[in-house]
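The structure under discussion appears below in the form of structure tokens.
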Amino acid sequence: MISSPAITKELDVYAIRRQFPVLNREVKGKPLVYFDNAATSQKPQAVIDALVQYYSGFNANIHRGIHTLAEEATAAFEATRDAVKQFINAGAREEIIFTRGTTESINLVAYTWGRQNIKAGDEIIISTMEHHSNIVPWQILCEEKNAILKVIPINDEGELLMDEYEKLLSPKTKLVSIVHVSNALGTVNPVKQIIDLAHKTGALVLVDGAQSSVHLDIDVQKMDADFFAFSSHKLYGPTGVGILYGKRSLLEAMPPFQGGGEMIKEVSFGKTIYADLPYKFEAGTPNIGDTIVLKTAIDFVNAIGKSKIRTHENELLSYATGLLEQIPGLQIIGRAKEKVSLISFVIDKIHSQDIGILLDNRGIAVRTGHHCAQPLMQRCGITGTTRASFAVYNTKEEIDELITGLQKVIKMLA
């Protein structure tokens with residue numbers, strides 16, 4: 001199979017690939033083909049070097065120290081906050097809260113704003129395609145408060161039924177928590193429309209941007225999101241770092257998520273006065289090094305340009321979709337008109353886990369199973385899929401390898 005060169009207009013993929021050391025390795029005697037980017041992206045050398053530089057050059061705790069290393073670490077840590085503010089166009093740096101990941105960001109809202117504002121009979125709306133991290137915290141909250149969790153249905157293409165969403169909205173709706181991009185289908189949801197409709201009823205909206213932040217331009221002010229959550233590790237940055245954006249007025253009114261050092265202004269046995277934003281929500285010693293290095297990852301994305309990245313990834317998505325459609329017995333799950341570079345599929349009479357194992361034997365890394373979206377799988381009438389997700393460093397030649405591998409899997413097992 002011959003494909004076109006892996007150089008998208010104005011983007012040299014081979015030059016980008018040389019920045020990722022892990023892409024040079026072999027897996028089971030075969031060159032690595034990494035198609036598990038929706039789970040976590042690989043890291044460029046600049047990110048790796050920045051982490052080494054922190055630990056070898058100015059490792060120290062932040063904010064309270066007056067010595068040189070502490071001041072350098074603090075400045076670098078806060079520079080990441082400024083970079084994130086610009087990356088998503090937040091209104092103020094105080095609206096950027098560092099967490100351990102998207103999951104913790106969502107839980108922070110559920111356990112603070114949620115416990116403070118949700119009462120018996122109130123309603124929270126999510127969708128059929130949510131990740132478990134955007135289901136379970138709201139289930140816990142609804143059980144505790146005797147509130148009601150409602151679910152937006154989807155069509156067979158994997159798109160939200162917006163008419164049904166409008167029917168779910170009512171004066172009882174207090175929060176809509178919606179995924180921007182489905183991690184299992186690749187569907188891009190119309191979050192601006194979702195937010196506008198929710199706001200008309202007086203409800204707030206949290207957007208799960210774990211998958212969208214690396215693929216789409218994010219402008220939380222234009223979007224008018226009340227909360228926006230995402231993670232570093234899907235953005236070519238380190239694991240263990242998440243971001244919660246929240247409108248300042250909401251964050252100021254919310255109680256702390258955790259108590260301890262850093263989140264206080266003054267402590268006595270009689271009373272504690274909490275710190276100002278954003279530190280009220282950042283108790284204890286944070287993941288300093290990895291947070292600092294997130295700025296390097298953001299710089300990497302900005303240097304290439306999201307528009308160029310999106311163009312390349314869309315070409316990969318179109319190319320892979322066309323080839324997968326030609327494989328007998330293969331069904332693509334999720335055919336939304338608006339998608340990012342992610343394809344989930346099933347093959348007749350072959351379990352996704354077997355596909356994943358046999359592809360791994362050829363050095364091809366994909367994700368299999370329910371993708372932490374079991375209710376979505378139930379809606380689709382399946383137990384799981386094989387998911388191939390593409391990043392800026394992937395090529396059409398690698399997709400050719402995937403297709404060849406799948407053909408061999410079918411020949412072996414079908």
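So here's what we get for this one:
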{"quantity": "Unique residue being in a helix (DSSP H, G or I), over 21 Å from Asp208 (Cβ atoms) and at pLDDT 95 or above when the list is Ser105, Ser56", "calculated": "Ser56"}
{"quantity": "The stretch 273-320, residues that are exposed (fewer than 14 other Cβ atoms within 10 Å of the Cβ) and in contact with a strand residue (DSSP E or B) (Cβ under 8 Å, 6 or more places away or on another chain)", "calculated": "Ile273, Asp276"}
{"quantity": "Qualifying residue in the stretch 191-199 (condition: within 30 Å of Phe35 (Cα to Cα), over 16 Å from the mean Cα position of the chain (by Cα) and not in a strand (DSSP E or B))", "calculated": "yes"}
{"quantity": "Residue match in the stretch 228-236 (condition: in contact with a Phe, Trp or Tyr (Cβ under 8 Å, 6 or more places away or on another chain), under 24 Å from Arg81 (Cβ atoms), assigned to a strand (DSSP E or B) and at pLDDT 95 or above)", "calculated": "yes"}
{"quantity": "Some residue of the stretch 145-163 being of a type in the set (Lys, Arg) and within 19 Å of Leu251 (Cβ to Cβ)", "calculated": "no"}
{"quantity": "Selected residue (criterion: nearest to Glu78 (Cα to Cα)) from residues of the stretch 279-327 that are over 20 Å from the mean Cα position of the chain (by Cα) and among the charged types (D, E, K, R)", "calculated": "Glu282"}
{"quantity": "Residues being in contact with a Leu (Cβ under 9 Å, 6 or more places away or on another chain) and small (Gly, Ala, Ser) - total across the stretch 274-320", "calculated": "4"}
{"quantity": "Residues satisfying the stated conditions in the stretch 258-273, i.e. assigned to a strand (DSSP E or B), at pLDDT 90 or above and under 20 Å from Asn61 (Cα atoms)", "calculated": "Glu266"}
{"quantity": "Pairs with Cβ under 6 Å, 6+ apart, first in the stretch 347-361 and closer than 13 Å to Gly329 by Cβ and in the same structural domain as Gly384 (by TED's automatic domain parsing), second among the hydroxyl-bearing types (Ser, Thr, Tyr) and surrounded by 18 or more Cβ atoms within 10 Å (Cβ to Cβ)", "calculated": "Ile355/Thr386"}
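Yes/no per residue for (1) under 28 Å from Lys306 (Cβ atoms); (2) crowded, with 21+ Cβ neighbours inside 10 Å; (3) touching a Lys or Arg at 6+ places or on another chain (Cβ under 9 Å):
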residue	(1), (2), (3)
Arg93	yes, no, yes
Arg100	yes, no, no
Ser127	yes, yes, no
Val136	no, no, no
Glu143	no, no, no
Asn155	no, no, no
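The values are calculated or read from the model by the stated rules, or taken from the named source; none is laboratory data. Nothing here was measured: the structure is a model prediction, and the numbers come from that model. Positions of Cβ are generated from backbone atoms using ideal geometry, with glycine treated the same way; all protein chains shown enter the neighbour counts.
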